[in-house]
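Values quoted throughout were computed directly from the atomic coordinates according to the rules given, and no laboratory measurement underlies them. Predicted model, so just to flag it, every value in this text is computed and none were measured. Every residue, glycine among them, receives a Cβ derived from its backbone with ideal geometry; neighbour counts consider all protein chains shown.
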Amino acid sequence: MHELSLAGGILSMVEEAAAREAFKRVVQLHLEVGRLAAVEVPALRFALASLAPGTVLDGAEVLIDEPGAIAECPGCGQTVDIAAHGDPCPRCGAWGLVPRGGDALRVVDLQVL
Ligand SMILES: [Zn+2]
């Protein structure tokens, strides 16, 4: 499961921050998962919850934002909202939209003790 390795990556990132900044516990973990990141948010939540016990993430509240994605259309030159990779332009129907963001998974904020 792809989300489990993502959760492991997030956990090691948080543990590195804990070692560097000397905090013991994360109260709240705020993540951003772009809608094009191909991440199942419920699966990611489940994976984080299953890894958390005994780590700095034990008991942390996890907030996950899912910002929309935009793309530039080579056909009409407009910037449009897209729901998925490979969709045609919703304005002119052209293919080959160039995504601008929306495919990242990142830690936005950590609240720690
Ligand atoms: Zn277009």
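For ARG91 and LEU113, calculate 0.36 nm times their separation in residues minus their Cα-Cα distance, and state this gained length in nm to one decimal.
Length difference between fully extended and current span is 3.1 nm.
Going by amide H atoms built from the backbone, whose H comes under 5 Å of the H on LEU31, apart from near neighbours?
Residues meeting the criterion, in which the H sits 1.01 Å from N, are LEU63, ILE64, ASP65, VAL108.
How would you rank 101-110, 62-71, highest first, on the average number of other Cβ atoms within 10 Å across their residues? Intermediate results must be reported in sequence, preceding the final value.
Working: 101-110: 14.4, 62-71: 16.2.
Order by mean packing, descending: 62-71, 101-110.
Given an 8 Å cut-off on Cα distances and at least 6 residues of separation, report the relative contact order of the range 23-113 as a percent. Provide the component values of the computation, followed by the final result.
On the way: 186 pairs, mean separation 39.6, N = 91.
The normalised contact order for the range 23-113 reaches 43 percent.
Quick one: net charge of ARG25's neighbours, Cβ under 14 Å, K/R +1, D/E -1?
Working: positive: LYS24; negative: GLU15, GLU21, ASP58, GLU61.
For residues surrounding ARG25, the net value is -3.
Once the cut-off is 26 Å, how many percent of the Cα-Cα pairs in the range 2-112 end up in the long-distance tail? Don't skip to the end; give the middle numbers.
Working: 1957 of 6105 pairs.
Percent of Cα pairs beyond 26 Å in the range 2-112: 32.
Along the principal axes of its C-alpha atoms, what lengths does the range 52-96 span, in descending order and rounded to whole Å?
52, 14, 12
Explain nothing, just compute: Karplus ³J(HN,Hα) = 6.51 cos²θ - 1.76 cosθ + 1.60, θ = phi - 60°, for every residue of the range 103-113 in order, whole Hz, x for Gly and Pro.
Those phi angles translate into 10, 9, 10, 9, 8, 7, 7, 10, 9, 10, 10 Hz.
Give me the one-decimal nm value for the distance between modelled label points at ARG20 and ASP81, 7 Å along each residue's Cα-to-Cβ direction.
3.5
Along the range 18-23, what does the Karplus equation 6.51 cos²θ - 1.76 cosθ + 1.60 (θ = phi - 60°) give for ³J(HN,Hα), rounded to whole Hz, x for Gly and Pro?
5, 5, 6, 9, 6, 10
For n ≥ 4 DSSP H runs only, could you compute -39500 (n - 2.57) per run for the chain, divide by its residues and tell me the 222 nm figure to the nearest 500?
On the way: 2 runs with 31 residues, N = 113.
Result for the chain, helices only: -9000 deg cm²/dmol.
In terms of modelled amide H atoms, which long-range or inter-chain residues lie less than 5 Å from the amide H of ILE82?
Under 5 Å from the amide H of ILE82 lie the amide H atoms of ALA69, ILE70, ALA71, each far enough along the sequence or on another chain.
³J(HN,Hα) across the range 46-53 via Karplus (A = 6.51, B = -1.76, C = 1.60, θ = phi - 60°), whole Hz, x for Gly/Pro?
Per-residue couplings from phi come out as 5, 5, 5, 5, 7, 8, 5, x Hz.
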